[in-house]
Amino acid sequence: MQNVYTVKQVNAYIKNMFTQDYMLGRIYVKGEVSNCKYHTSGHIYFSLKDESGTIACVMFAGQRGGLSFRMSEGQQVIVMGAVNVYERSGSYQLYAKEIRLDGEGVLYEKFQMLKHELEEMGMFASEYKKPIPDYAQRIGVVTAPTGAAVRDIMNIARRRNPYVQLILYPAQVQGEGAKESIVRGIRMLQQAGVDVMIVGRGGGSIEDLWAFNEEEVARAIFDCPVPVISAVGHETDTTIADYVADLRAPTPSAAAELAVYDYRKLSGELAEAKVRLSRLMRQKIQMERLRTREYQTKLKYLHPEHKLREQQQWLSDMEDRLRAFMQSKLMEARHRLAVNVETMKGLSPVGKLNQGYSYVQSTAGRAVKTIRDVKKDDRLSIYVTDGIIRAVVDEVKEEEHG
Amino acid sequence: MAKAEKERKDQTLNEIFGELEEVIKGLEAEDVSLEDSFRLYHSGMDMLKRCSDKVDKIEKQMLVLDEEGETHDF
């Protein structure tokens, strides 16, 4: 008897075979959608079928980012995912990571390869991204001369700022020769001298947008010294041109918004700056005026007139003191004089005459003090209190007074 | 002088705005003299005028570039 295995063992063995298989780990499978069920849990259960048979598929809720459309019965799709075993039912199924509508499949793969390659080369690196000028005056546009994209750009430019110059290079954006036309447009506009350029087109299928996934276009954008804004299709379409451009706009309208500065905003800012400058200047003048006034007050206080008045006051005080001092000195002197006069009066010879004495003077005007001063018949003047007596010497006789 | 004149002409709006910010900062400073204030104010006003002049206010129609690099009306 051969070895007997449990179901679990067999299923595990088979699962391991699937898991170890390199190809089954990442595989693209195309077919028609059938039995599609969107479960409330977010998982999607469906089958892929072709004329030969079917394969069960599941896309878990966590992988839903890989699906950008609503799947429905009968669609031709390409599913990328891993084939593995579902042990509970002993069946294998395709665990989907990405689902795309077929027709895009080949292109999608090409897209992924080129994207990977250019990314490796650093062409998407942020250090190569040139800033978009804030106030571009000349704006180049590489797009089809007919269609919504150019109209949208024109309308938005006119609304935001009719003073900027738009220059269109009428490019062929799809079909044979599109990539050459776009590359030529970028170079021509670069030569024409623009501040920024918009490269893009309106929405379309992946085939329609394909020119913007070509390496030549990517390189032309990368090499362009003028900043490039990409604007391809709708928000959900991302092309190689978008990755390599200096700025990606989701739509041509959005690109125009980014490239054309708002004139009203600018003039508002200018007006505001003007008001601010004037206000600052007024404040400054006001401040200086205040300071001047302050100095004025200070100066007035320090004026010489003020000092002069003070000194005048002092002077007049001094004068008063001087006068008073002088007055008292004078009084004192006068008083002393009166005292002296009294003293003198006491000592006066006239006083003596009052007491019966008299003063005798010779003709020569000398006081007669001895008999030798006179001789007989000399004339004499005798002074008494109330006048002079003229006399003649009658006799001179010596007498001894002891 | 002629060179400076040319450089001024080549200034972008952004560069002028940058200078304008500096001027305003200067005016806001406490210790700037009245003379300097006047000088700053006039240069600020001059910058504003240059900003306005930068935008040549003629409405423009879209031009189309041909293969020879000539432009035509759209």
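Quick notes on this structure:
- Coordinate range along principal axes, alpha carbons of chain B, Å, largest first: 60, 26, 16
- Computed from the C-beta positions of A:ARG219 and A:GLN112, the FRET efficiency with R₀ = 22 Å rounds to 0.75.
- Geometric descriptor of the protein assembly as shown, per residue, is 507 Å³ (volume of the convex hull of the Cα atoms).
- Total accessible surface hidden between A and B, rounded to 100 Å², 1.4 Å probe: 3300
- Rounded to the nearest 20 debye, dipole of the range A:107-254 from Cβ charges on Lys, Arg, Asp, Glu: 760
- Projecting the Cα atoms of A:ALA56, A:PRO133, A:GLY365 onto the charge dipole of chain A, computed from C-beta unit charges around the Cα centre, puts A:GLY365 farthest toward the positive end.
- For the residues of A:204-213, the average number of beta carbons from a partner chain within 10 Å of their own beta carbon is 0.
- For the range A:20-101, the list of chymotrypsin sites (Phe, Trp or Tyr not before Pro) that fall in a loop by DSSP and count at most 16 other C-beta atoms within 10 angstrom reads A:PHE60, A:PHE69.
- DSSP loop trypsin sites (Lys or Arg not before Pro) with at most 12 other Cβ within 10 Å: longest gap in chain A: A:89-365
- Apportionment of accessible area to carbon and sulfur, the range A:65-174, percent (1.4 Å): 50
- Each Lys and Arg Cβ is given +1 and each Asp and Glu Cβ -1; about its Cα centre, the range A:236-369 then shows a dipole of about 1800 debye.
- When a 1.4 Å probe is rolled over the protein heavy atoms, the share of accessible surface on the range A:267-343 that falls to carbon and sulfur comes to 59 percent.
- Complex-versus-alone comparison for the range B:48-62, residues with a loss of 20 Å² or more in accessible area, probe 1.4 Å: B:LEU48, B:VAL55, B:LYS57, B:GLU59, B:LYS60, B:GLN61, B:MET62
- Filtered GluC sites (Glu not before Pro), the range A:228-269: DSSP coil and at most 10 other beta carbons within 10 Å: A:GLU235
- Computed over the range A:101-162, the P(r) curve from all C-alpha pair distances, binned at 5 Å from the origin, holds 3, 12, 12, 12, 13, 18, 16, 9, 3 percent per bin.
- Whole-angstrom gap from the range A:304-350 to the range A:80-134, using each part's C-alpha centre: 125
- Residues in the range A:274-295 occluded by at least 30 Å² - accessible area, probe radius 1.4 Å, against chain by itself: A:LYS274, A:ARG276, A:LEU277, A:LEU280, A:MET281, A:LYS284, A:GLU288
- For the range A:222-232, 3J(HN,Hα) computed residue by residue from phi via the Karplus equation (6.51, -1.76, 1.60; θ = phi - 60°) reads 4, 7, 5, x, 7, x, 10, 9, 8, 8, 10 Hz, glycine and proline entered as x.
- Placed amide H near A:VAL141: partners under 5 Å, 5+ positions off or other chain: A:ILE167, A:LEU168, A:TYR169, A:ILE198
- Sorted largest first, the spans of the alpha carbon positions of the range A:160-284 along the three principal axes are 67, 31, 23 Å.
- In the context of the full set of protein chains, residues of the protein assembly as shown present 65 Å² of accessible surface per residue (probe radius 1.4 Å, heavy atoms only).
- Label-to-label distance, nm, for residues given as A:LEU315 and A:ALA56 (7 Å Cα→Cβ offset): 12.7
- The Cα-based radius of gyration and maximum Cα-Cα distance (Dmax) for the range A:48-143 are 20.4, 68 Å.
- Kirkwood estimate for the range A:267-402, i.e. one over the average of 1/r between Cα atoms, Å: 25.1
- Residues B:GLU19 and B:GLU68, FRET efficiency given R0 of 41 Å [Cβ-Cβ distance, rounded to 0.05]: 0.55
- The A:PHE325 and A:LEU299 beta-carbon pair, evaluated with R₀ = 41 Å, returns a calculated FRET efficiency of approximately 0.55.
- Cα shape, the range A:1-111, gyration tensor, a/c 1.5 rule: prolate
- Only Lys, Arg, Asp and Glu carry charge here, each on its Cβ (+1 for the first two, -1 for the last two); on that basis the range A:176-229 has a dipole of about 200 debye about its Cα centre.
- Kirkwood Rh and Cα Rg combined as Rg/Rh, the range A:242-282: 1.32
- Cα gyration tensor, the range A:213-259 - rounded (a/c under 1.5), prolate or oblate: oblate
The values are calculated or read from the model by the stated rules, or taken from the named source; none is laboratory data. Here the structure is a predicted model, which means the values were calculated and not measured. Ideal geometry is used to build each Cβ from the backbone, glycine not excepted, and the neighbour counts take in all protein chains shown. Surface accessibility is based on the protein's heavy atoms, side chains included, excluding ligands, DNA and RNA. Shrake-Rupley method; radii C 1.70, N 1.55, O 1.52, S 1.80 Å.
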